[in-house]
Every structure is written in structure tokens, then in C-alpha cells.
Amino acid sequence: MSELQYQSQYVSEKFQGVKATRFSQDLYSPKQNHFMAVLPVNDYVRMLPHMELVSMSVGEVLQQAGMPIEWIYFPITSVVCLGYITENGASPAVGLVGHEGFVGTAFVMGSESSSTRAVVQSAGLGYRIRASLVKKELQRNGEFMRMALLYCQAFITQISQTAVCNRLHSVDQQLCRWLLMSMDRLAFNEIHLTHELIANMLGVRREGVTQAAGKLQAKGYIQYSRGKIRILDRAGIESEVCECYGVVNHEYARLLPRKPQVPVALPQTRKIAATAARVTSITARSQEANLIAEGAARNGNDDAQRARYARAR
């Protein structure tokens, strides 16, 4: 069964018998992101018309270090890696973001830019909303701001625990932690990354990752071939991982506990059927913006061109 068929069947079974107009009925609803799912209905409905469904490809940069943050991203089937770029060009990972939260914690805490670069680790879909609109929500000093700050606290715990793990624990334990964190954010049991990329994210030598992965494969916990890692025995990996994995999971569960999803009936004008909506490619959108920018430069006094460029951005 393919990933798409699995998710379609899961949604169908979970909400079988519920016939009201609802976002939970859609295959790719914003409520597949846990942060959006636990928002109060009023906050969710207010943000919903401004959210854009986007596809994310492996290696795409969502936010660049030191550059203004224009969008806040809410992954649903994708995983984003936040890394710090060193002077020698290395980019060790400091955190992962998937369907549990959002990319843009620095903006929520008051900064217009971030010191880390956000890169798509696993391809998939997500929603995004302009940072300027998120700022307006934060200025309401309501439940959205409270929950956003709670998520920031949980994410800071992940970053802190990653630093502890990288300093005190073995490469074997670090790899187990990274594999489990990645699997928690994916709907399937395969990760498509090479040992070299994993080593770069963990900030260790490639040989160390190869040896650690070899041990896990020899024990029957994983299967590795041609840049693809398949998880065969999750319980086995959990028996090998350090306490850092549990500490981070406990903090997420404590600060943003999961609650049953209640179908939300909305006016037809506000209903977005993700299965029928156009999925925006971030790369294509950027290319379109660049082309329009060139046209605007050739027609410097053309207000219409500049307006089109602003919308494309």
C-alpha cells in the first residue's frame, strides 16, 4: 500500500460516519499538523483562509540564516532540519521540525531573522502563512501566542538536549536518537539519506555513522542500501537510544498534549479541499518571482508589475 493510499484509508477510518463539512475530511488538512490541531477553533478559523498548501522537496531552503523571515511553515508530511552553518561550511543539525510544530520559532520570539538555516530533510507537503499575518496574531496576546511560546520552549529543549547528546553520548546513540526523531515525524518507515548527509547533520565523521549503522543492521534493527534506511525493529532501536530522546518527547507531550480532533463545520466560503486545491511548489514560486522581478526592473515605473511581484513573493 502506498503512502497516499495509507493516509487516505487512515483518514476515512478515523472519521467514518462524520458527514458534516469539515477539514478533517480532507486528505491534507492543516489539522494534520499537531500545533494547528490543538489551536482553539476561533484562532484556527481566523488563520485558515491565509494558509497555503505547498510541496517541499529535499534540499529546499525554507529559511536562510540572517535573512528576513517571510513565511512560517507548518509541515504535515515533510520533515525540516534546522542547522547552523560554520565557517568551514559544515552544517550540523540543531533540531528537527515535522508535523508536531512549525518552522519560525525565532520570529515568534521577536526576531525578524534566524541564526539557523531551515532545509527540507524529507520531501512532503506542508502549509505556510506570511510572517506578517502571524505577527498580527501574536499581537492579539491570545491563545495563539501562548501556545506558540509553549512550542518554542519545547523546541529549545530539543536543541539543548541535542547539544548534551552530541557532547556526552556515542555516535551509536546519536544515530538511534536521530532515526527515532525522524520516524516520529514521518508516516512511513523509510528515510532517504546517505551516511555522508547524516554525518554532516550529527557533526561527526562519515566513518562513525557507517560503523554505527552497520551495528544496527547486524542486529536486525535497520536495513540500509543506496541512501535508504528502512526501520525493521523500532523497539530494538529504542533499547539502544540514550535518555535524550525520552526527555524531548516528554517535554513536547507536557507542553502541547494531544487532544481528540473534533470535526469543525465551517462556511462553504472558508472550506479548502486540499485534494482539489492547487499545491504550490516553493521552488516554482521563487522562479516566478524572479522572472517577474526582471520584468519589473525593465519597466521601473510600471506599478502593475511591481504589484504582481509582491503577490508572487
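The values are calculated or read from the model by the stated rules, or taken from the named source; none is laboratory data. The structure displayed is predicted, hence computed values, not measured ones. Please note: Cβ atoms are built from the backbone with ideal geometry, for glycine as well, and neighbour counts cover all protein chains shown. For accessibility, only protein heavy atoms count, side chains too; no ligands or nucleic acids. Shrake-Rupley method; radii C 1.70, N 1.55, O 1.52, S 1.80 Å.
What to note about this one:
- Averaged over its residues, segment 43-199 has an accessible area of 38 Å² per residue, based on protein heavy atoms and a 1.4 Å probe.
- One decimal place: the segment Arg130-Tyr84 gains 14.2 nm when fully extended, by the rule 0.36 nm per residue minus the C-alpha distance.
- 31 Å Cα-Cα threshold exceeded, pairs from Lys31/Lys228; Lys31/Lys215; Lys31/Lys135: Lys31/Lys215
- Spin-label model distance (nm) - Ala163 vs Lys219, 7 Å beyond Cα toward Cβ: 2.9 nm
- Protein accessible area in segment 95-220, 1.4 Å probe - carbon and sulfur %: 53 percent
- Shape call, segment 41-141: gyration tensor on alpha carbons, a/c limit 1.5: oblate
- Using the Cβ of Glu190 as centre and a radius below 9 Å, the other residues enclosed give a net charge of +2, where K and R count +1 and D and E count -1.
- Among 170-177, 238-245, 136-143, the order from most to least packed when residues are scored by Cβ within 10 Å on average: 170-177, 238-245, 136-143
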